[in-house]
Every structure is written in structure tokens, then in C-alpha cells.
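Taking it in order: structure first as C-alpha cells, then the write-up.
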Amino acid sequence: MHDPQVVAERLLKTSAEHPDADAHIDWETPFEEGAWFMPPEWVSLYGTPLWRGMDEASRVELSRHEMAALASGGIWTELCLMQMLGRYMAGRDLTDSRTRYALTEVGEEARHSLMFARLISAMGCRAYPPPRRVNHLFSLTSVVYGQVGTFAVTLLSEEVNDLVQREGMNDERVHPLVRQVCRVHVVEEARHVGFARTELAHAVRTASPANVRIQRELVGMTACAFMAHRMPAAVYRAVGLDPATARRQALANPHHRALLQRSGRKAVAFLTEVGLIGPGQRHWWRRAGLMP
Ligand SMILES: [Fe+2]
Ligand SMILES: [Fe+2]
């Protein structure tokens with residue numbers, strides 16, 4: 001087991017050594033004709049009947065809107081994390097290294113949100129915020145997360161989006177500007193994941209069994225809500241597809257379902273290891289599409 005103080009000290013040092021990675025992004029990088037905005041295999045309709053009926057330009061256009069939706073989802077989850085980290089810090093010793101790292105992480109998430117907003121504008125796209133009711137639901141449930149729920153939800157949102165960005169940053173078919181943004185985010189999120197894992201393991205060890213039982217259900221429900229709004233129907237409408245048909249085909253797409261399960265593998269394994277996913281909670285994670 002890692003000592004949370006030791007981990008926080010190490011992460012603070014690394015963050016201080018790389019204070020503003022996003023400042024090195026070249027926002028003047030031109031968009032290349034015909035290049036993708038994410039690897040085509042990651043587009044939710046890849047391989048479906050609708051996909052087979054689209055020409056190459058329409059597929060690329062869909063990848064532009066799906067990347068804008070992922071970046072919008074990134075901003076929304078970062079705003080959620082900032083609220084949860086704010087509650088974590090309230091009442092803690094502000095000179096403590098764990099509190100100072102949480103504050104550092106809030107600063108990094110704020111920079112990421114600005115970076116994603118700038119990317120959406122640079123791509124000439126609109127933002128795709130989640131429905132208002134999802135925001136309200138988060139405001140209501142997040143107050144009962146406690147530290148176990150806070151770091152489980154943090155870990156979930158950070159690890160699930162890692163794979164698509166990791167593959168995107170290494171894919172030469174993808175626009176260089178998108179790849180630069182993905183690279184900055186992957187590197188900085190690796191530190192956040194280290195913090196969330198250590199804090200979560202510590203929080204579970206020190207929480208009461210009754211609290212852990214409640215948090216298991218809450219985190220499972222949150223995973224379902226989080227994944228249900230990952231790709232809004234509006235992205236399909238934006239490229240001239242029937243949103244209901246496209247959403248149905250995307251949700252049933254075996255190729256995309258397999259990618260989402262791969263995306264969830266690390267977080268699901270860790271949450272299982274610390275006892276936050278047991279046999280009684282697997283139905284949430286299957287419904288979220290993160291578990292086979
Ligand atoms: Fe982030
Ligand atoms: Fe993060």
C-alpha cells in the first residue's frame with residue numbers, strides 16, 4: 001500500500017517541474033485536408049451500416065463532431081472533479097501535501113478545460129454540454145459521495161478517456177493539433193490517476209463497511225449516467241444523420257462496444273481490487289458498457 005503523503009509529495013514535485021505543458025501547444029498548426037479528428041476506428045459508427053453508406057468526407061466530418069463531444073465531456077467531467085476536490089479540501093489542513101496536491105490538480109484541470117474549449121473553437125465546432133438534468137443529478141448525488149465516491153468517480157472519468165487519447169496522440173492520420181492536445185492531457189492525467197488510486201485505496205481502508213456498501217451502488221449508478229451521455233445524439237444530427245437511427249446503431253455497434261470495454265478495463269480492475277465492484281454491482285458496469 002502506498003502512503004498518501006509520500007505519493008502527494010512526489011506528484012507535487014513532478015507537477016512543479018512541468019508547470020504549463022499546454023503553453024507549448026502550437027495553436028497555429030494548420031488543419032490538414034482529409035485528416036481525421038480522432039482515429040476512425042474510434043468513431044462510434046465505425047463499421048455500422050450507416051458508416052458503410054457514408055463517403056470519406058462525411059466520416060471525417062463525423063470524427064470532428066465526435067472529438068468536439070469528447071472534449072466537451074472532458075470539460076464537464078473536469079468541472080465535476082473541481083467541485084468534488086473542493087469538498088475534499090474543505091476542512092483539511094491547507095499546508096498538508098495531499099491538500100496542496102488536490103489544489104494543484106484543480107489548477108491543472110482548469111487549464112485542461114481551457115485547452116479543450118480552445119480546441120473545440122479551433123476545430124470550428126460547437127460544444128456539446130450534457131443535458132441540464134444530468135448536471136442537476138450530479139449536484140444532488142455528489143454531496144453524498146464522501147472520499148470513497150469522490151476518488152472512485154475521479155478515477156473512472158480519468159481512466160476511461162485515457163485510451164482514445166493515447167491512441168489518438170500516436171496516430172499519424174489524426175490532425176497534429178488534436179494530437180498535441182491529447183498528449184498534454186494524457187501526461188498530466190497520469191499523475192491525477194496516481195493520486196486518485198492512492199487516495200481511493202486509503203479512503204476505502206478507513207471508511208465504515210456501511211459507507212462502502214452505499215458508495216459501491218452510487219459509483220455504479222454514476223458510471224451508467226456518465227457513459228449514457230458520452231456521445232450525444234446531436235453529433236449525428238450535425239452531420240445530417242437521423243439521430244435516433246445513428247444512436248441505435250452506435251449503441252449496438254460490437255466494434256465500439258469492445259473499445260469501450262477496453263477503455264474501462266483498468267478502472268474496473270482497480271475498483272474491483274479495492275472492493276468497490278463486487279458481484280452485486282456488476283450489472284451497473286455491464287449496463288455502463290465498461291464490463292463484458
Ligand atoms: Fe484533465
Ligand atoms: Fe484529471
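Each value in this text was obtained by applying a stated rule to the coordinates, not by laboratory testing. Just so it is clear, the structure is predicted and the values come from calculations on it, not from any experiment. Cβ placement follows ideal geometry from the backbone for every residue including glycine, while neighbour counts extend to all protein chains displayed.
Mind checking which of 45, 79, 62 has the largest fluctuation in a GNM of the chain, springs on alpha carbons under 10 Å? Residue with maximal mean-square fluctuation among 45, 79, 62: 79.
Counting only alpha carbon atoms, the long axis of helix 209-228 and the longest principal axis of the chain meet at about 10°. Excluding residue 166 itself, what net charge comes from residues whose Cβ is under 14 Å from its Cβ, given Lys and Arg +1 and Asp and Glu -1? With Lys, Arg at +1 and Asp, Glu at -1, the neighbours total -3. For the range 181-292, a simple Cβ point-charge model (Lys and Arg +1, Asp and Glu -1, everything else neutral) yields a dipole of about 280 debye relative to the Cα centre. Once C-alpha pairs closer than 8 Å and six or more residues apart are averaged by separation and normalised to the residue number of the chain, the relative contact order reads 27 percent.
With respect to the chain, whose longest principal axis is taken over its alpha-carbon atoms, helix 4-17 is tilted by about 50°. Taken about its Cα centre, the chain carries a charge dipole of about 1300 debye when Lys and Arg each add +1 at the Cβ and Asp and Glu each add -1 at the Cβ. Taking the helices alone, the chain has a mean residue ellipticity at 222 nm of -23000 deg cm²/dmol, built from -39,500 (n - 2.57) per DSSP H run of at least 4 residues and averaged over all its residues. Against the chain, whose longest principal axis is taken from its Cα atoms, helix 243-252 shows a tilt of about 60°.
Residues 6, 219, ranked from the fewest to the most other C-beta atoms within 10 Å, line up as 6, 219.
Could you tell me the calculated FRET efficiency between residue 234 and residue 55, based on Cβ-Cβ distance and R0 = 30 angstrom, to the nearest 0.05? Taking R0 as 30 Å, the efficiency between residue 234 and residue 55 is 0.90.
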